[in-house]
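Asker: Pasting in a structure now, in structure tokens, and then I'll have a few things to ask.
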Amino acid sequence: MTEDSQRNFRSVYYEKVGFRGVEEKKSLEILLKDDRLDVEKLCTFSQRFPLPSMYRALVWKVLLVFCPFPPPWVFVGILPPHHESHAQVMTYRKEQYSDVLHALEVIRFISDATPQVEVYLHMHRLESGKLPRSPSFPLEPEDEVFLAIAKAMEEMVEDSVDCYWVTRCFVNQLNNKYRDSLPQLPKAFEQYLNLEDSRLLSHLKTCSAVSRLPYDLWFKRCFAGCLPESSLQRQLFSGAVWDKVVSGSCKILVFVAVEILLTFKIKVMALNSAEKITKFLENIPQDSSDAIVSKAIDLWHKHCGTPVHSA
């Protein structure tokens, strides 16, 4: 038996006995042992498989980039690919975190009573040059998005320094890398839903619901907040979907939205108004979240192909 056939046999066996992901975890651990992490292979792995929670923060810190300097633009990862630099670079990240935190305390913008996600928001505003004159000023829509993502992120990333950096860079990726793509996602959603279930789409159109679906929740917030807070299902749901967003594809969000409609087709078809349909879709039942993510990824691969490593 060849090495590939043995590997395929083991993968099928592990999945049948309930250990799906064992082989994938081993493959990721091999990638993470390299002296210089291969960013392209980590992206491909993240596109094909959900990252184990124990390695998610590390991989995201390598894949997510930000721009620490003014023009000419220079984009760097939270962590560089080289392992030997990780400890030193994280020391710099922690020092920057502490300096920004201290500055906000000095100007009395935050206190011990300030919720952690709001602390992250004020830090992000300060570093982006958008700090308002008072913390009591009304939030902008982009601030609401940041808070929603930060709240979901802190359930997956325990360390506060890591959580801030990952949240900040995740939001920056949405605002920069995906700036032109995100507005196109509602149209793509309609296109793929029509391919999967034209009758369901016709029902949405009959109810005048297509233009009133929770697109901001789905595509701007990347589904942050669509499941009950602090639920394990929400962590698994967000993690598996955001792995794809972090590694280079915001289109996965379209297929998650399509699969939500397909999963709850009977319920949605029984609702006869746009308001009722939207209200239901804004808070989907959590017991179906695992199946939704798995089927959404299958749909994504079906329509867009399965990523493979470059030679």
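Asker: With only alpha-carbon atoms counted, please give the Rg and Dmax of region 178-310, in Å.
Answerer: 14.1, 48
Asker: Let me ask something else about it. Along the Cα→Cβ direction, 7 angstrom out, place labels at Ser208 and Lys265. What is the inter-label distance in nm?
Answerer: The two pseudo-label positions are separated by 2.7 nm.
Asker: When the chain is fully extended, how far beyond the present Cα-Cα distance does Glu84 get from Glu29, taking 0.36 nm per residue of separation?
Answerer: Stretched fully, the Glu84-Glu29 segment lengthens by 18.1 nm.
Asker: Which value, in Å² rounded to 10, gives the accessible area of Ile266 with a 1.4 Å probe and all protein chains present?
Answerer: Ignoring ligands and nucleic acids, Ile266 comes out at about 150 Å².
Asker: With point charges of +1 on the Cβ of Lys and Arg and -1 on the Cβ of Asp and Glu, referenced to the Cα centre of the chain, which listed residue (Asn176, Leu58, Leu131) lies farthest in the positive direction of the dipole?
Answerer: Asn176
Asker: Which helices, counted as full DSSP H runs in the chain, have an axial Cα extent of no less than 27 Å and a Kyte-Doolittle average of -1.0 or above?
Answerer: Membrane-span-like by this rule: 86-106.
Asker: Quick one: if you stick a label point 7 Å off each Cα along the C-beta vector at Glu140 and Asp112, how many nm between them?
Answerer: Those two pseudo-labels are separated by 3.3 nm.
Asker: Could you provide, to the nearest whole Å², the per residue accessible area of region 178-310 with probe 1.4 Å?
Answerer: For region 178-310, the per-residue accessible area is 46 Å².
Asker: On to the next question. Per the 1.4 Å probe, what fraction of the accessible area of region 179-311, in percent, lies on carbon and sulfur atoms?
Answerer: C and S fraction of accessible area: 48 percent.
Asker: Please work out which option in [x] 76, 47, 28; [y] 58, 58, 37; [z] 62, 58, 42 gives Cα extents along the principal axes in Å calculated from these coordinates, and answer with its label.
Answerer: Read-out taken from this structure: [y].
Asker: So if we plug the beta-carbon distance of Ala291 and Asp99 into 1/(1 + (r/R0)^6) with R0 = 51 Å, what FRET efficiency do we get, rounded to 0.05?
Answerer: 0.70
The values are calculated or read from the model by the stated rules, or taken from the named source; none is laboratory data. Bear in mind the structure is a predicted one, so any value in this text is a computation, not a measurement. Please note: Cβ atoms are built from the backbone with ideal geometry, for glycine as well, and neighbour counts cover all protein chains shown. The protein model used for the area step is the full one, side chains on, heavy atoms only, and it has no ligands, DNA or RNA in it. Shrake-Rupley method; radii C 1.70, N 1.55, O 1.52, S 1.80 Å.
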